[in-house]
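A short worksheet on the structure shown next.
Values in this text are rule-based calculations from the coordinates and carry no lab data. Computed from a predicted model, the values in this text were never measured in an experiment. Ideal geometry is used to build each Cβ from the backbone, glycine not excepted, and the neighbour counts take in all protein chains shown.
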Amino acid sequence: MNSLLIETKALSYNFSNGVKTLDNINLQVEEGSIYGFLGPNGAGKTTTLRLLLGLLRKQQGSIEIFGKNFESERLDILKRLGSLIEQPSLYAHLTAKENLEVYRRIYGSGKNRIDEVLQLVGLTYTKNKKVKQFSLGMKQRLSIAVALLHAPKLLLLDEPTNGLDPNGIIETRELIKKLNKEEGVTILVSSHILAEIEKMATHVGIIHKGKMLFQGTLSQLQNLKKERSFLELETTNNETAWNLLQPYAAERKNGHLVLPFETNAQTASINRLLLENGIDVYRLQPQQNDLEQLFIDITSDKL
Amino acid sequence: MSFAISTRAELLKTKRSASFWLTISAAAMMPGLFFLAHYFKPEGAIKALENDPWGTQFMWGWESLNFFIFPLYVILICTLIPQIEFKNNTWKQVFASPQSLSNIYFSKFLTIHLMTFFFYLSFTFFMILSGVLTSLLNSDFNFLRKTINWQTLATLSFKSYLSILGISAIQYWFSLRFKNFIAPVGIGLALLVVSFIAYQFKWEHIYKFPFAHPLLTQQTFGKVGRPLIENHEWNSILYFLAFILIGLLDLKFKKEKG
């Protein structure tokens, strides 16, 4: 197992209204991964990220980043990570370059980093434009540039594609993948859209109502999806079909047959088998729970 | 070293901001009015300014400054500097950057005081410019033939600065507590009005009330037998120390930052 860049143990948090916003979160982000932190709005993603950055005071549990305790090594940890929490945090009356200069001073990065990060996020041509004239997509990209100024080893991005147009979403996703692949940056990215995470993450954590419902690699999640896919079948003679399909673990259910879905090829061979035995098929429907459905199932307490 | 870096970053944030323009316009207001008044209505002013044009004009300027403009400026600047973060939703980025809380807190406060210093310099510059231009356009004014008493000017600036220290720390604390612009400015203005009323009614404890300290400095300045630092100015320093500490602790123990 790779070393963990972020590890929380039994992290819980209550806001003053007494509602448990986070309940026993054990987040594990491996070095070199793109960790997709997934959950519907209000699930506790931002609260978790704000705790990781010290923007909320920890109540219960522990937080270790880069193997160090956050509370005692806050400054050392923050020097090595970049973040973008919720909406872009930029000074509207300053130019793109001046915004970067504010943080370049704080991080003590070289002057050449400003042009480098602007190029990385594709904003070189607008460096002298005031941020108030920027589109949301440009602001989001500039915020990522701010987060990248000091070449951090870890990036925390909270819903970085929120409010972006399709083109902006693709660009941001490609940038995240590029940073991970070419610069070796470990990235924790939150989103409420599974399809978005599926396209870039290597690891996934699903949070709902403050609880972690799933955590593992993307392929582990895809296996879970496979386990939960099935084939629905209705024929002229369900009884005979059931007998014929015993090797496929067919079951009778509500007047039709249900069997585990494996592959499209297997579905075709089942159809052929039934036809060859004189059974006509009315309906042969793979209920291939895509991740979207799985996500809905997980987060709507079906699991 | 890291504190200097934080302060340099803070100063950059004020570029083209409302706080910068407020400083320039508040400093230029009285000198501008004097210039216009002397230009359009020179008769009375020529006579009044005959003996000591610089001393008299500066005293007129400082009167309006210490009675109203300067405390108002301090209330506004203490709010406008933290408002840069509130308005742009940037507090979270500031707190998530590798700066200690006290660096964040004091670098912003120092920026406020550097702006105040800039205000003093600008005011003095505009006053001199106003006098010079007045004399160039109307030679009956004798600003160019007389000298400026720099020592009096420096002493009054110093005492005036001491007198606003308490207000600055109180207002800075308010402006960090309130997200909106109106609340800290409203409270500050209300307390300023209270100080005028207390002054009118000759309240015996007025020297303990921080918002009255600038006008007390103006009132006592130049009088014979007064100490360099008046009682109310010592009080202003004490308020400053107390509220700067309260503000820092308040920030430190805040559950939610940014």
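Once the Cα atoms are used to define both axes, helix A:264-276 deviates from the longest principal axis of chain A by about 10 degrees. Positive end of the charge dipole of the protein assembly as shown (Lys, Arg +1 and Asp, Glu -1 on Cβ, about the Cα centre): tell me which of A:LEU52, A:GLN87, B:GLY188 has its Cα farthest that way. Positive-most Cα among the choices belongs to B:GLY188. Expressed to the nearest 5 percent, the antiparallel share of DSSP beta bridges inside the protein assembly as shown is 65 percent.
In µm²/s, what is D for the range A:113-215 at 10 °C and 1.306 mPa s, where D = kT/(6 pi eta Rh) by Stokes-Einstein and Rh is the Kirkwood radius from Cα pairs?
Once the numbers are plugged in, D ends up at 109 µm²/s.
Judged by the mean number of other Cβ atoms found within 10 Å, the most tightly packed of the peptides A:255-263, A:30-38 leads the ranking A:30-38, A:255-263. Peptide A:82-89 shows a mean partner chain C-beta count of 4 within 10 Å per residue C-beta. Evaluated with a Cβ-only charge set (Lys, Arg +1; Asp, Glu -1), chain A carries a dipole of roughly 1440 debye about its Cα centre, given to the nearest 20. Rounded to the nearest 5, the antiparallel percentage of DSSP beta bridges internal to chain A is 65%.
Using Cα-Cα distances under 8 Å and only pairs 6 or more residues apart, what relative contact order does chain B have, in percent? Dividing the mean separation by the residue count of chain B yields 29 percent. The aspartates and glutamates whose alpha-carbon is closer than 17 Å to the alpha-carbon of A:LYS130, local same-chain residues fewer than 8 away aside, are A:GLU98, A:GLU101, A:ASP115, B:GLU85. Separation of the range A:84-114 from the range B:32-95 is 33 Å, based on Cα centroids. For peptide A:105-118, the mean count of partner chain Cβ atoms within 10 Å of a residue's Cβ comes to 2.
Derived value for the range A:145-303: Kirkwood hydrodynamic radius 18.7 Å. Basis is the mean of 1/r over every pair of different alpha-carbon atoms. Ignoring lysines fewer than eight residues from B:LYS208 along the same chain, the ones with Cα atoms less than 17 angstrom from its Cα are B:LYS159. The Kirkwood hydrodynamic radius of the protein assembly as shown, based on inverse pair distances between different Cα atoms, is 28.3 Å.
Annotation: lysines with alpha-carbon distance below 17 angstrom to B:LYS146 (same-chain offsets under eight excluded): B:LYS47. Please give the helix A:136-148 orientation as an angle from the longest Cα principal axis of chain A, in degrees from 0 to 90, rounded to the nearest 10. The helix A:136-148 is inclined about 70 degrees to chain A.
For the protein assembly as shown, adding -39500 (n - 2.57) for each run of n ≥ 4 DSSP H residues and dividing by the number of residues yields -17000 deg cm²/dmol at 222 nm. Summary value for chain A: 20 percent relative contact order, contacts being C-alpha pairs under 8 angstrom separated by 6+ residues.
Counting only other chains, and only Cβ atoms inside 10 Å, what mean value do you get across the residues of B:82-95?
The per-residue average across the peptide is 5.
Once the Kirkwood radius over Cα pairs is known for chain B, the Stokes-Einstein relation at 20 °C and 1.002 mPa s delivers a diffusion coefficient of 109 µm²/s. The fraction of Cα-Cα pairs per 20 angstrom bin, counted from 0 for chain A, comes to 30, 45, 20, 5 percent, rounded to whole percents. Pairs exceeding 27 Å between alpha-carbon atoms, taken from A:LYS181/B:LYS257; A:LYS58/B:LYS15; A:LYS111/A:LYS132: A:LYS181/B:LYS257; A:LYS58/B:LYS15.
Among the listed pairs A:LYS68/A:LYS153; A:LYS68/B:LYS87; B:LYS87/B:LYS255, those whose Cα-Cα separation exceeds 24 Å are A:LYS68/B:LYS87.
Decide, for the range A:83-129, between rounded, prolate and oblate: order the square roots of the alpha carbon gyration tensor eigenvalues as a ≥ b ≥ c, take rounded if a/c falls under 1.5, and otherwise choose prolate if a/b is larger than b/c, else oblate.
Numbers: a/c = 1.34, a/b = 1.09, b/c = 1.23.
In terms of gyration-tensor shape, rounded.
Applying a length cut-off of 18 Å (Cα extent along the axis) and a mean Kyte-Doolittle floor of 0.0 to the DSSP H helices of chain B leaves B:18-40, B:70-88, B:101-137, B:150-177, B:182-200, B:231-252.
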